[in-house]
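To start, the structure under review is shown below, and the notes come after it.
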Amino acid sequence: MSREVRPTNGVTLLVFLLTGYAIIFAQAKLTFFRDFFGAQPNLIPGMIVYAAMAFRMETTMLCAGVLGVLFDSLSSNALGTSILTYAVIGLGASGYRELVLSEQFTTHWVLGLLASGFAPVIAYGVLRLSGMTPLVGAGSIWQWAIMTAGGGVVTPLWFRIFNRLDEAVRYKEIPESTFRPDREIARGRH
């Protein structure tokens, strides 16, 4: 029951990237969630999961690169950390696209939890491999839990929004009629 990957619609891709930019900017600028819970959920891994399920591999990697650069430029991450993180998430999710029931709410939620949970772990590994020492302590478990839960909750919403957008802007094929236009209709008495 896997979803067929259709050619990427330019409007959907543009709205996807602009939404990603708006989300990254909002995460950097709006701090009330971070002030209240002590952590800011990262909503972008869920978007990368959607890209991996809906777009071809090249488009998924383009989204990972663009959103990774935007995220790193507005955070204290070293440039390239999020690009690699999102690329690994995109590759991992798209590798199992054929095995996943991609139209199920629970599947979207679990994929969002996994992506949002692995994103900080992958970023930590990238930073350690580059010779940096990120601050990790007992409070990091709480922050990781908030990031994982927040990303998992929002991922089904991304699927709903972008699937509806894609259906709205995609050309709809008209089913072929049983009436042939070159057919003659016999009229009169027989």
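What the table below lists for this structure:
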{"item": "Residue, modelled with the lowest pLDDT, within the stretch 47-104, restricted to residues that are over 12 Å from the mean Cα position of the chain (by Cα), among the polar types (S, T, N, Q) and within 20 Å of I161 (Cβ to Cβ)", "result": "S102"}
{"item": "Among the residues listed as G95, G90, the single one being buried (at least 22 other Cβ atoms within 10 Å of the Cβ) and either over 24 Å from W142 (Cβ atoms) or of a type in the set (D, E) (or both)", "result": "G90"}
{"item": "Filter result for L84 (in a helix (DSSP H, G or I) and either more than 21 Å from G152 (Cβ to Cβ) or not β-branched (V, I, T) (or both))", "result": "yes"}
{"item": "Single residue of the stretch 102-121 satisfying the filter (assigned to a loop (DSSP other than H, G, I, E, B) and in contact with a Lys or Arg (Cβ under 9 Å, 6 or more places away or on another chain)) that is surrounded by the most Cβ atoms within 10 Å (Cβ to Cβ)", "result": "S102"}
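Yes or no, residue by residue, for (1) surrounded by fewer than 19 Cβ atoms within 10 Å (Cβ to Cβ); (2) assigned to a helix (DSSP H, G or I):
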| position | (1), (2) |
| --- | --- |
| F25 | yes, yes |
| D35 | yes, yes |
| P41 | no, no |
| P45 | no, yes |
| V49 | no, yes |
| M61 | no, yes |
| V66 | yes, yes |
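Yes/no matrix, rows are residues, columns are (1) touching a Leu at 6+ places or on another chain (Cβ under 9 Å); (2) free of Cβ contacts under 8 Å to residues at least 12 places away in the same chain:
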| residue | (1), (2) |
| --- | --- |
| G95 | no, yes |
| T107 | yes, yes |
| V110 | no, no |
| R128 | no, yes |
| L135 | no, yes |
| S140 | no, yes |
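The values are calculated or read from the model by the stated rules, or taken from the named source; none is laboratory data. The model shown is predicted, which means the values in this text are computed figures rather than measured ones. Please note: Cβ atoms are built from the backbone with ideal geometry, for glycine as well, and neighbour counts cover all protein chains shown.
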